[in-house]
Amino acid sequence: MSNRGVTLVEIVAVVAILGSLLALSFIYINPVLQLNKIDDAKRKADISQIKSALDTYYNDHSCYPTTLIFGGEWSENGVVYMRKVPQDPNCAGDSSKCYVYKYSGSCPQWNVVFSKLTKPPATGTTCQLSSTCVPSDYSTGSWGCVVSGDTDCAHLTSSSLSSGSDLPGGGTSGNPTPTASGPTATPTPLVCARDYACSGNPSRCNVVPVGTGVYCDPSYYSGILCNGVCQ
């Protein structure tokens, strides 16, 4: 019976082998890649949930909303469409990663919700829009989207994802984006949906409790035209 102990050389050899196996496992698994996949799956799930709520809203009003406040409650006349409209958690640190809501008209009959993805999919597409019906700064594979209704391609191709949603200010603050009109810039009119009122400085669409809101007259409030009808 041998009583020979384990030598230092043998210990070093075992540690080296285990280290190599661990390194190979790390490379194979690539935890950063896996986390990115999880984040992108969450983004796709978020915009799918938003689409469902948008379609429910359309069934109630025959229009899609012109106000979608990401990160806040979405309710109207006591009906809660979403307790909290999802937003990309990286949006606060990088506005280019925020979800974007696109539509056209005062009673939208279509909309598209975009989400910036960390990594393009290996196969397939994450947005059903054709390459001739996307915003000017859209990059295939870099964005996921969900679509409701028949999209206005002329409107989409003339718009930009970097400008946020078609609600002035990107649908989060309601602050207007100046647009050129002749030699001077004119603020884009701020339109509040029902159950919203123009308030604050700068003016924005804020949710008001049912029965406590006021009608937004077609007059300037803090220099911004407010045409929305508030409940």
| task | Please verify whether region 127-144 includes one or more residues that are in contact with a Pro (Cβ under 7 Å, 6 or more places away or on another chain), at pLDDT below 50 and either hydrophobic (A, V, I, L, M, F, W, C) or at positive phi (or both). | result | no
| query | Of (1) more than 23 Å from Val134 (Cβ to Cβ); (2) touching a residue at least 12 places away in the same chain (Cβ under 8 Å); (3) part of a strand (DSSP E or B), Ser106 satisfies all except one. Which? | reply | (3)
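If you go through region 121-131 one residue at a time, do you hit one that is part of a strand (DSSP E or B), in contact (Cβ under 8 Å) with a residue 40 or more places away in the chain, in the same structural domain as Asp39 (by TED's automatic domain parsing) and within 17 Å of Arg43 (Cβ to Cβ)? Write out each step before concluding.
Here is the first cut: in region 121-131, the residues part of a strand (DSSP E or B) are none.
Scanning region 121-131, I find no residue that is part of a strand (DSSP E or B), in contact (Cβ under 8 Å) with a residue 40 or more places away in the chain, in the same structural domain as Asp39 (by TED's automatic domain parsing) and within 17 Å of Arg43 (Cβ to Cβ), so the answer is no.
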| note | When Val85 is run through (1) farther than 20 Å from Ile38 by Cα; (2) of a type in the set (Val, Ile, Thr); (3) at pLDDT 90 or above, the failure sits at (1)
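The values are calculated or read from the model by the stated rules, or taken from the named source; none is laboratory data. What you see is a predicted model, and the numbers here were worked out from it, not measured in a lab. Because the Cβ atoms are built from the backbone with ideal geometry, glycine has one as well, and the counts that use them run over all protein chains shown.
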